[in-house]
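S.K.: I have a structure here, written as structure tokens, and I will follow up with some questions on it.
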């Protein structure tokens, strides 16, 4: 640490909401770097993959900007990476949210992204409670069942249940947070989740700092 | 369980929050970013900015307002008014908004909803529907007929040929991921939401419906959800004039058994 702020790169691959993500990280105590290409990743301590929208065009944008390989290498090297909403979904093998109903995604985690089933309203928009499946430092200091902001219609189904950290119910329960080594995924938006989201980002930075020490 | 949202709406003209009646006698009520942050602290689940800037050259100031708000109020932000193209929507989203609401522009060019949904996802596309109740035809049979509403635009000054419920269903088919339904009969009257209108629409679509127009007190918020089937409730003047706090509204909703997000900071 040596007293300096962590540098976190937010992957910019098109329509994603970069401003709020960067500002929320700054508010949580990091320096945020907008990364639109591979060269922007040098000297950063962690990656955030934000995103709202559909999987297929997102993969196209990531590829066009030469970000797919650097991202895969980053995660395989065990460096900290946080995926949010669509960014989290992209970590898995494939998504049903493609033009032909099948979009290959990054394949960092085993499983597939599918449409939310039996949801009373769709898209699932709003504040919903996030329930711990197991204790995890990401949620330290956050009461179990706290509300976070969601906006999505699809959700990943991890093949390996040991990565599941939290669940949320909209119609049926789904996996709303995962952790696998230094790879973290959240279906909700901490950058839009007021005090609870702020605390989660502070916790993420704490994990980054701990791992880097 | 998904919480029912309480959403304060701020009218913004030339970068300032304004208050007025029917777009006239506007008074300056302060900085939008500052007010948005205050509402977020008080428990607002989302903030809606309605851009009522008259002149096109004033549009740029809205992007600056969104940018400043997104850097201090960490709750979802919806911007309505003045967005007419995919490119304009991209600019608003990239400034830090989460959703864009279309009203007159959607009536004029319904394909705009489809184009924007394809580009940014349905979840970012809100269709605002201003509805006015049609007078019932004379006679006993007509009195038994269900009520009907027509869509109006330009702040209620212009009628359309569209029937509100059918239009709502169509906008969802076109790509809208959320509907903001305003009763023009109730707007500004503080006589409660038109729960019949809300129910007529919410029972026909799967996307969330935001109730608007007519809030007077916490009981109206409960009715909009319980009787109208609304997923979220929007109000302006009762919050701005500090007649009721967001916390008081949420406390009433919670007491009625509705799931709401109660925040520690909210107090009351």
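S.K.: Go through the residues of the stretch B:176-198 one by one and say whether even a single one is touching a strand residue (DSSP E or B) at 6+ places or on another chain (Cβ under 6 Å), away from chain A (no Cβ under 14 Å) and under 18 Å from residue A:127 (Cα atoms).
M.R.: No; the residues of the stretch B:176-198 include none that is touching a strand residue (DSSP E or B) at 6+ places or on another chain (Cβ under 6 Å), away from chain A (no Cβ under 14 Å) and under 18 Å from residue A:127 (Cα atoms).
S.K.: In the stretch A:73-91, how many are touching a helix residue (DSSP H, G or I) at 6+ places or on another chain (Cβ under 6 Å) and in a strand (DSSP E or B)?
M.R.: Here the count works out to 2.
S.K.: Out of the residues in the stretch A:118-142 meeting the condition of being within 13 Å of chain B (Cβ to nearest Cβ) and more than 22 Å from residue B:6 (Cα to Cα), tell me which one is modelled with the lowest pLDDT. Spell out the reasoning first.
M.R.: Residues of the stretch A:118-142 within 13 Å of chain B (Cβ to nearest Cβ): A:118-131, A:141-142.
Keeping just the survivors that are more than 22 Å from residue B:6 (Cα to Cα) gives A:118, A:131, A:141-142.
Numbers: A:118: 94, A:131: 98, A:141: 97, A:142: 97.
Top of the filtered list is A:118.
Quick grid of which residues meet (1) under 23 Å from residue A:55 (Cα atoms); (2) without any contact (Cβ under 8 Å) to a residue 40 or more places away in the chain; (3) surrounded by fewer than 19 Cβ atoms within 10 Å (Cβ to Cβ):
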| site | (1), (2), (3) |
| --- | --- |
| B:40 | no, yes, no |
| B:47 | no, no, no |
| B:62 | no, no, no |
| B:65 | no, no, no |
| B:69 | no, yes, no |
| B:84 | no, yes, yes |
| B:94 | yes, yes, yes |
| B:118 | yes, no, yes |
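S.K.: Quick test for you: out of B:224, B:128, B:215, pick the one residue that is touching a strand residue (DSSP E or B) at 6+ places or on another chain (Cβ under 6 Å), buried (at least 24 other Cβ atoms within 10 Å of the Cβ) and at pLDDT below 95. First the steps, then the outcome.
M.R.: Values: B:224 fails: at pLDDT below 95; B:128 fails: at pLDDT below 95.
Just one listed residue meets the conditions, B:215.
S.K.: Considering every residue within the stretch A:53-72, establish whether at least one is assigned to a loop (DSSP other than H, G, I, E, B), within 17 Å of the chain's Cα centre (by Cα), free of Cβ contacts under 8 Å to residues at least 40 places away in the same chain and within 14 Å of chain B (Cβ to nearest Cβ). Break it down into steps so the answer makes sense when it comes.
M.R.: Within the stretch A:53-72, the subset assigned to a loop (DSSP other than H, G, I, E, B) is A:53-54, A:65-67.
Retained after the next criterion (residues that are within 17 Å of the chain's Cα centre (by Cα)): A:53-54, A:67.
Pick out the ones that are also free of Cβ contacts under 8 Å to residues at least 40 places away in the same chain and you get A:53.
So of that shortlist, the ones also within 14 Å of chain B (Cβ to nearest Cβ) come out as A:53.
Scanning the stretch A:53-72 turns up at least one residue that is assigned to a loop (DSSP other than H, G, I, E, B), within 17 Å of the chain's Cα centre (by Cα), free of Cβ contacts under 8 Å to residues at least 40 places away in the same chain and within 14 Å of chain B (Cβ to nearest Cβ).
S.K.: Please go through the stretch B:229-268 and give me each residue that is over 30 Å from residue A:141 (Cα atoms) and more than 14 Å from chain A (Cβ to nearest Cβ), ordered by number.
M.R.: Those that are over 30 Å from residue A:141 (Cα atoms) and more than 14 Å from chain A (Cβ to nearest Cβ): B:235, B:236, B:237, B:238, B:239, B:240, B:241, B:242, B:243, B:244.
S.K.: Which ones in the stretch B:82-107 are more than 10 Å from every other protein chain (Cβ to nearest Cβ), in a helix (DSSP H, G or I) and out of contact with any strand residue (DSSP E or B) (no Cβ under 8 Å at 6 or more places or on another chain)? Walk me through how you get there before you give the answer.
M.R.: Keep residues of the stretch B:82-107 that are more than 10 Å from every other protein chain (Cβ to nearest Cβ), which gives B:82-88, B:91-92, B:100-107.
Checking the rest, the ones that are also in a helix (DSSP H, G or I) come to B:86-88, B:91-92, B:104-107.
Within the stretch B:82-107, B:86, B:87, B:88, B:91, B:105 qualify.
S.K.: Next question. Do the conditions hold for residue A:10, that is, is it part of a strand (DSSP E or B), within 14 Å of chain B (Cβ to nearest Cβ) and either surrounded by fewer than 23 Cβ atoms within 10 Å (Cβ to Cβ) or touching a residue at least 40 places away in the same chain (Cβ under 8 Å) (or both)? Spell out the reasoning first.
M.R.: Values: part of a strand (DSSP E or B): yes; within 14 Å of chain B (Cβ to nearest Cβ): yes; either surrounded by fewer than 23 Cβ atoms within 10 Å (Cβ to Cβ) or touching a residue at least 40 places away in the same chain (Cβ under 8 Å) (or both): yes.
So residue A:10 fits the description; yes.
S.K.: Going through A:70, A:80, A:50 one at a time, which residue ends up being farther than 21 Å from residue B:94 by Cα and surrounded by 22 or more Cβ atoms within 10 Å (Cβ to Cβ)?
M.R.: Values: A:70 fails: surrounded by 22 or more Cβ atoms within 10 Å (Cβ to Cβ); A:50 fails: farther than 21 Å from residue B:94 by Cα.
The match here is A:80.
S.K.: Is it true that residue B:152 is more than 14 Å from chain A (Cβ to nearest Cβ), closer than 18 Å to residue B:198 by Cα and assigned to a helix (DSSP H, G or I)? Reasoning before the result, please.
M.R.: Details: more than 14 Å from chain A (Cβ to nearest Cβ): yes; closer than 18 Å to residue B:198 by Cα: yes; assigned to a helix (DSSP H, G or I): no.
So residue B:152 fails the test.
S.K.: Condition first: surrounded by 16 or more Cβ atoms within 10 Å (Cβ to Cβ) and not in a helix (DSSP H, G or I). Now tell me which residues in the stretch B:240-255 satisfy that.
M.R.: Correct list: B:244, B:245.
The values are calculated or read from the model by the stated rules, or taken from the named source; none is laboratory data. Source: prediction; values computed, not measured. Here Cβ is always computed from backbone atoms with ideal geometry, including for glycine, and neighbour counts include all displayed protein chains.
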